[in-house]
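See structure below.
Every number here is computed from the coordinates shown, using simple stated rules; none is lab data. Predicted model only: the values in this text are computed from it and were never measured. All Cβ positions, glycine included, derive from the backbone under ideal geometry; neighbour counts span all protein chains shown.
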Amino acid sequence: MARIGLLTLLLVLPAACGGGEAATTTSASAVTTAAPAATSTTSRTTSAEVSTTSTSTTTTTQGSGALSLPDGRPATFVAITEDYAAVEIDTATGEVIHDFGHTGTAAEMAATEEMPPNVLVGAWRTTNRSAVGLSDCCEPAAGRLFILGAEGELGDDPYSTTGPWNTGWTITPAPAGSLFAVVGYSLQVFDPTVAAEEGFDVWIDEPDVGSPYGAAAWARDESALFWVAQLEQVTMLASIDLSLGVPNPVSVLDWVGVEQFLDGIGSQESGNLVGFLHTRNDDFDIVETQGVVFSTSGELLATFPVETGALWGGYDASGRFLIYVDGDARVRWQGLGRSGVLGDGFYFASW
């Protein structure tokens with residue numbers, strides 16, 4: 001599956017979700033770049049640039065994930081390789097330090113013409129690093145989630161030995177602790193470290209505010225969730241007060257055109273929401289991508305540059321550092337006026 005084809009599948013279809021050996025093509029993160037200054041929320045554009053080198057050292061141990069680099073970025077991240085394996089990567093060196101496994105490989109997809117096998121397309125961790133959630137797609141049905149321990153593995157037959165914990169397309173870890181927020185055919189908030197029948201805090205089946213897509217964004221105090229929904233080609237921002245459990249439309253995002261769609265979203269340290277706005281041509285190809293910052297009431301506050309076809313990964317727990325994969329399968333980060341490249345040969349990455 002081509003990189004742009006997977007991106008279109010993940011981002012455009014609300015009814016869709018959104019293996020092998022660990023990749024050995026990852027590159028170290030010592031990269032000097034020209035980075036945009038910290039995103040402003042008071043103007044429509046950000047243009048100041050600084051030159052920075054992202055080289056850092058750390059004492060990361062296998063599967064730790066809890067340590068941070070001296071600049072505050074997480075010491076490791078999780079990603080999906082070009083062979084659809086879920087892996088944990090050392091942020092400073094680009095080395096694979098743990099392989100969670102796969103549900104299908106690139107070779108299997110290439111050999112299958114009529115019905116491609118499911119492959120992993122997303123990987124996320126709880127903020128306390130107690131659990132990892134993996135999403136696969138797309139036949140015979142989209143949106144299967146696997147929940148593993150921090151150093152778990154899918155095994156040779158993941159569908160029989162591990163099994164999907166539940167359905168969903170994207171996962172957003174809460175800013176603290178072990179909660180996940182899932183967007184799929186329903187909205188879910190649950191603790192993956194406890195039994196399924198005991199873990200749910202919120203379950204909203206087909207919320208009546210349009211079809212949800214992208215990822216949910218947590219309020220910084222974890223009191224609410226925000227997500228993007230679409231109803232009859234109108235893009236809306238919706239929310240739920242987690243103490244009440246009732247979803248509400250917030251506003252129509254009139255700055256999102258009919259030829260555009262939002263990828264993400266997430267919440268930055270300020271509490272504002274951030275996502276990637278993609279513009280498509282008549283052939284449904286993505287021709288432009290820009291980062292957008294908007295308020296929890298839906299007002300567009302700022303834009304910032306990002307590579308065309310970039311795929312949202314999300315913020316770290318602090319809301320300061322953004323991670324994503326560009327259209328050339330490079331894992332990138334930016335935050336606090338700096339940016340860098342963390343590795344090559346990936347379909348997806350998150351902190």
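Pull out a ≥ b ≥ c, the square roots of the eigenvalues of the alpha-carbon gyration tensor of the range 272-351, then state rounded if a/c is under 1.5, prolate if not and a/b is larger than b/c, and oblate in the remaining case.
On the way: a/c = 2.01, a/b = 1.02, b/c = 1.97.
Here the range 272-351 falls in the oblate category.
Ordered by residue, what ³J(HN,Hα) values in Hz, to whole numbers, does the range 299-312 give under the Karplus form 6.51 cos²θ - 1.76 cosθ + 1.60, where θ = phi - 60° and Gly and Pro are x?
For the range 299-312, the Karplus-derived couplings read 7, 5, 10, 7, 10, 8, x, 8, 5, 4, x, 4, 10, 4 Hz, x marking Gly and Pro.
Rounded, prolate or oblate: pick one for the range 218-351, where a ≥ b ≥ c are the square roots of the eigenvalues of its C-alpha gyration tensor, a/c under 1.5 means rounded, and failing that, prolate if a/b is larger than b/c, else oblate.
Verdict is oblate for the range 218-351.
What is the distance, in nm, between label points placed 7 Å from the Cα along the Cα-to-Cβ direction at Asp241 and at Val287?
Inter-label distance under the simple model: 4.4 nm.
I'd like to compare 266-275, 227-236: which one has the highest average count of other Cβ atoms within 10 Å, and what's the full order after that? List each step's numbers first, then the result.
Working: 266-275: 20.7, 227-236: 17.8.
Result, highest mean Cβ count within 10 Å first: 266-275, 227-236.
How far apart, in nm, are the 7 Å Cα→Cβ label points at Asp254 and Glu299?
My value for the distance between the label points is 1.4 nm.
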